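One structure is given here, and the rest of the page talks about it.
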Amino acid sequence: MTPTLVQHRQDFQHRRHGGHDTAAQTAAHASAAVAAARDWAEIQERMLAPLYEAVYERLEVGPGTRVLGLGCGSGLALLLAAARGASVTGVDTDCERLALARQRLDSAGDTGDGGDGGRVRAVLVEGEAADAASAGPYDVITAFHPIGCTAGDCEALVPELEAAVRAAHRGAAVVLTGWGPPERCATSGVLRVARRLTERLRTGDGRPGGAWRPALRDDLEDVAAKAGLLPDGSGRVACPFGYADAGSAVRGLLSTGLYAEAVRATDQAQVRKEIDEALGPHRRGDGTVWMPNVFRYLITRTA
């Protein structure tokens, strides 16, 4: 999970247990959350579509498959699975992204775009994995938000996987995803801005708290082992990040949540400036921005 996803989870727990903010805090938070969710849905999420499709193709997702998307965000991965005829359930603590997912899936339902012209069969749940148990049992569980990019995100995913597995068939596929080697991901250089700007925010043992870090070779395998999942294959997928201009690139990258701690350590304007400068080597003559990347996926099975 990124720092933003962790924050959304904390905010969800805060609301669930009756916490209250001032009216000004609520309004400011809501405005920022809506903008970030729209930037994710309209600019950034599509960059991972090749990863979603590769996983669905390998698992032969189609009619009769019941898919649970953990951290489903604005629903593109669910929409692609539904287009193959699968029944989909998505769960997320980000209510703004979930609202956009609902719009997408409702629109697909209105047009009958659920595979072979059928109706889309979708359930969306605001909450955590355990809150989606009643819509199971599931054949495929996906955690498509790449892990292994911030301190602690791997550990945060383990309890969600454990809860999801309890609502799955025995032998169900559970898919984990993460960034590929830094040398194969051009965006890594731009993400280093987040680490540099968060140097002042350190945990008690001196490590950067929530800062971006390069993916490690065994991140996915380590999470699978901690969650009691059995590896059953892996792959790599090219997912280039392409933007119409530098402004769109900055908005898209900020929407990932990987700069959340950098914004907290400095301010939004400073982070935007630093990202814009880091994009320099990736600008093309026509003003577009292009960054080749490789993402990993690990297919595991429930015991």
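Observations on the structure shown:
- Scanning segment 169-204 for residues that are open to solvent by 10 Å² or more (accessible area, probe 1.4 Å) and hydrophobic (A, V, I, L, M, F, W, C), we see that the one that is modelled with the lowest pLDDT is 201.
- Taking the criterion of being open to solvent by 10 Å² or more (accessible area, probe 1.4 Å) and either at positive phi or in contact with a Gly (Cβ under 9 Å, 6 or more places away or on another chain) (or both), the residues of segment 120-132 that qualify are 120, 121, 122, 123, 124, 125.
- For segment 133-150, the criterion of being surrounded by fewer than 23 Cβ atoms within 10 Å (Cβ to Cβ), in contact (Cβ under 8 Å) with a residue 60 or more places away in the chain, among the acidic types (Asp, Glu) and assigned to a strand (DSSP E or B) is met by at least one residue.
- Test result for residue 253, of a type outside the set (D, E, K, R) and at pLDDT 95 or above: yes
- Of the listed requirements (1) out of contact with any helix residue (DSSP H, G or I) (no Cβ under 6 Å at 6 or more places or on another chain); (2) open to solvent by less than 10 Å² (accessible area, probe 1.4 Å); (3) touching a residue at least 40 places away in the same chain (Cβ under 8 Å), residue 63 misses just one: (2).
- Every residue from segment 47-60 that is buried (at least 16 other Cβ atoms within 10 Å of the Cβ) and either without any contact (Cβ under 8 Å) to a residue 60 or more places away in the chain or in contact with a Phe, Trp or Tyr (Cβ under 8 Å, 6 or more places away or on another chain) (or both): 47, 48, 51, 52, 53, 54, 55, 56
- Unique match (being in contact with a Gly (Cβ under 8 Å, 6 or more places away or on another chain), at negative phi and open to solvent by less than 30 Å² (accessible area, probe 1.4 Å)) among 237, 289: 289
- Helices (runs of 4 or more DSSP H) enclosed by segment 1-117 - at least 3 residues per element that are farther than 27 Å from residue 268 by Cα and modelled with pLDDT under 95: 95-111
- Candidates 297, 243, filtered to the one that is over 17 Å from residue 173 (Cα atoms), open to solvent by less than 20 Å² (accessible area, probe 1.4 Å) and not hydrophobic (A, V, I, L, M, F, W, C): 243
- Filtering segment 158-168 to residues that are part of a helix (DSSP H, G or I) and either closer than 30 Å to residue 281 by Cβ or open to solvent by 10 Å² or more (accessible area, probe 1.4 Å) (or both) leaves 158, 159, 160, 162, 163, 165.
The values are calculated or read from the model by the stated rules, or taken from the named source; none is laboratory data. Just so you know, these numbers come straight off a predicted model, no measurement behind them. Counting neighbours? That spans all protein chains shown, and the Cβs are built from the backbone with ideal geometry, glycine included. We work out accessible area using only protein heavy atoms, side chains counted, and drop any ligands, DNA or RNA first. Shrake-Rupley method; radii C 1.70, N 1.55, O 1.52, S 1.80 Å.
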